[in-house]
Amino acid sequence: MSNELSIGKSSQYITLNENLHSTVPPNITVILPAYNEEVSIGSVVLRTKKYSRRVVVVDAASSDHTVDVAEMAGAEVIRNHANRGKEISLKNVVETASDSDIIVIMNIGVCHDPGLIPRMIAPIREGTFDFSVGICFSKLKKGSENVLLLNNKSTESKPIGYLAFSKECLSKIDFSQISLFSMRSLINLAEKTGIKALHIDIQEEHEASLFRAYKIGVVVPAYNEERLIQETIDGIPAYVDKIYVINDASTDRTAEIINSTTDPRVIPIHHEVNKGVGAAIINGYKRALADEMDLVAVMAGDNQMDPDQLPKLIMPIIEGKADYAKGNRLLSKEMREGMSRWRSFGNGLLSMITKIGSGYWNIADPQNGYTVISKYALETIDLDSIYTYYGYCNDLLLKMNAYGMRVVDVTMPARYGSEKSKIRYGKYIRKVAPMIFRGFLWRLRMKYMVLDFHPLVLFYFASMVLFPLGLIFGFWIILQKLVFQGPVSPNYPLFAAFISLAGMQLLFFAMFFDMQANKTADLKTT
């Protein structure tokens, strides 16, 4: 088609003149579709007034005080008597804003930042486009992103946060037959009518504005990372308030580089003796708590943790869906690219052990240290009791489950560079596996006997007695028959099989009830 179409994945992102923020034309109407936004609507309306002549709230039959708060903040209110979600009709727009030069629709269910309005209206003010579409975070249903990734489908579709269009645009097209918040619908509209539409990805600005409301810290454990520590620090996003870099008694120039960094956010913490990565992270957590950080991430000093993935870990906690978010690189072969088969096998084995030990049956890749934890979780857990070796992440999961914390996996690709892993898997498994078993017993006692009671703990303990006893008895029968050539009652093999099977069945029952107990706890807290 002859007219320019810049909507969809092929669109180029634009950078606008900063002066636009200081010069806003007066004849702009901002429309805010709202449903049960009592908590946020007042502040959004007040901030939106800075960028527009009129603010109109289109209420979709809210059952709270959204309308009252919006009117007190100075907005005009249009009431829909039927709940249609956030959808509004062309009639609402035309009748409300027919005398405005530019109309902006802001989907506050996606984005609450009116500060992005100047960016959205700039292409229309310049006369280069008829309307612009701003997209930001993707909000997929639980599990749907993993399904898409397994089927090699894209997860890049994001919800529309803003629509901005000129008054002339209204006379060219009929919005009544389309969804104002459907990207596909808008793409089809632009193609049919030949209007000039611009797609703007506002995710970066949305992240910055959203995260400014929280104090975010990053803990960076480092041991002999002189080659990569500065690169790691430089890559941490600007919305992070504090960077706690823990030098765990490095013998190279790591301490010197940390001390000489010019980033004012960096807080160096030096260990005189090597205490282990777990101890380094715990010390960082303690300092972050003292500084009253709301969220604390962990990004290792070897630059293997992609800063672009950090918002995906932060969002579940901000949205109140989790107390702890961690990365998962094991979902698919593509995600594991660069991970050796031995390392992948070891992570898979430890995932299964940790699922049973921690009670988080939905998590995988427990050795992934890329995490974000809430202030509430840090204040609840006894940080001094956390394991100080590489198995700290497994132990932390054990503690969190016992105290009813919610944990989510965030799928992300493995990222490996020139840094070699310091983990020696033979030694690692020998040390961590017994720790997980001890933690498992502690979790059962604390969660199902001290803080509450559930009969699954009896099933677990009975299975721990019967199953090994059946195996030992069966082994003794084999020795008697084949080695010592002694007499064995024909009932003994049946008895050994019965004991083993009973123990296995009780174990499966216990695991099933453990899964159900954790699912029920999850539902109660969401």
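The values are calculated or read from the model by the stated rules, or taken from the named source; none is laboratory data. All of these numbers come straight from a predicted model, not from anything done at the bench. Neighbour counts run over all protein chains shown; Cβ positions are idealised from the backbone, glycine included.
(1) closer than 30 Å to Glu205 by Cβ; (2) touching a residue at least 12 places away in the same chain (Cβ under 8 Å): which one isn't true of Ser344, the others all being true?
(1)
Output the residues belonging to region 285-301 that are of a type in the set (D, E, K, R) and at negative phi.
Matches in region 285-301: Lys286, Arg287, Asp291, Asp294.
Among Asp294, Asp302, Asp308, Asp248, which is within 13 Å of Val220 (Cα to Cα), assigned by TED's automatic domain parsing to the domain that holds Pro413 and within 22 Å of the chain's Cα centre (by Cα)?
Asp302
Checking the structure you have, find out if any residue of region 252-259 is among the hydrophobic types (A, V, I, L, M, F, W, C), under 17 Å from Ala288 (Cβ atoms) and in contact with a helix residue (DSSP H, G or I) (Cβ under 6 Å, 6 or more places away or on another chain).
Looking through region 252-259, none of the residues is among the hydrophobic types (A, V, I, L, M, F, W, C), under 17 Å from Ala288 (Cβ atoms) and in contact with a helix residue (DSSP H, G or I) (Cβ under 6 Å, 6 or more places away or on another chain).
Do we find a residue being closer than 29 Å to Lys321 by Cβ and either surrounded by fewer than 16 Cβ atoms within 10 Å (Cβ to Cβ) or modelled with pLDDT of 70 or more (or both) anywhere in region 418-428?
No; the residues of region 418-428 include none that is closer than 29 Å to Lys321 by Cβ and either surrounded by fewer than 16 Cβ atoms within 10 Å (Cβ to Cβ) or modelled with pLDDT of 70 or more (or both).
Against the condition within 22 Å of Pro307 (Cβ to Cβ), surrounded by fewer than 14 Cβ atoms within 10 Å (Cβ to Cβ) and within 21 Å of the chain's Cα centre (by Cα), how does Ala238 come out, does it pass?
The answer is yes for Ala238.
Test each condition in (1) assigned to a helix (DSSP H, G or I); (2) in contact (Cβ under 8 Å) with a residue 60 or more places away in the chain; (3) of a type in the set (A, V, I, L, M) for Ala325 and report the one that comes out false.
All conditions pass for Ala325, except number (1).
Quick check on region 110-127: of everything there that is assigned to a loop (DSSP other than H, G, I, E, B) and out of contact with any strand residue (DSSP E or B) (no Cβ under 8 Å at 6 or more places or on another chain), which residue is modelled with the highest pLDDT?
That would be Glu126.
Which residues, taken from region 188-238, are of a type in the set (Gly, Ala, Ser), within 23 Å of Ile373 (Cα to Cα) and assigned to a loop (DSSP other than H, G, I, E, B)?
Within region 188-238, Ala213, Ala238 qualify.
Please tell me if Phe513 is touching a Pro at 6+ places or on another chain (Cβ under 9 Å), within 30 Å of Tyr387 (Cα to Cα) and surrounded by 14 or more Cβ atoms within 10 Å (Cβ to Cβ).
yes
Return the pairs, sorted by first residue and then second, in which the second residue is buried (at least 17 other Cβ atoms within 10 Å of the Cβ), the first residue lies in region 206-227 and is without any contact (Cβ under 8 Å) to a residue 12 or more places away in the chain, the beta carbons are less than 9 Å apart, and the residues are 6+ apart or on different chains.
Ala213/Asp294; Ala213/Ile318
Take the residues of region 256-281 that are without any contact (Cβ under 8 Å) to a residue 24 or more places away in the chain and part of a loop (DSSP other than H, G, I, E, B): which is farthest from Glu225 (Cα to Cα)?
The selected residue is Pro264.
Hey, among Leu466, Leu479, which residue is modelled with pLDDT of 90 or more and surrounded by 11 or more Cβ atoms within 10 Å (Cβ to Cβ)?
Of Leu466, Leu479, the one residue that is modelled with pLDDT of 90 or more and surrounded by 11 or more Cβ atoms within 10 Å (Cβ to Cβ) is Leu466.
Being part of a helix (DSSP H, G or I) and out of contact with any helix residue (DSSP H, G or I) (no Cβ under 8 Å at 6 or more places or on another chain) is the filter; apply it to region 487-504 and report the residue that is nearest to Met464 (Cα to Cα).
The extreme case among them is Leu494.
Taking Asp248 as the residue in question, decide whether it is acidic (Asp, Glu) and without any contact (Cβ under 8 Å) to a residue 40 or more places away in the chain.
yes
For the list (1) free of Cβ contacts under 8 Å to residues at least 60 places away in the same chain; (2) surrounded by 16 or more Cβ atoms within 10 Å (Cβ to Cβ); (3) basic (Lys, Arg), I need the number of the one condition that Arg253 fails.
(2)
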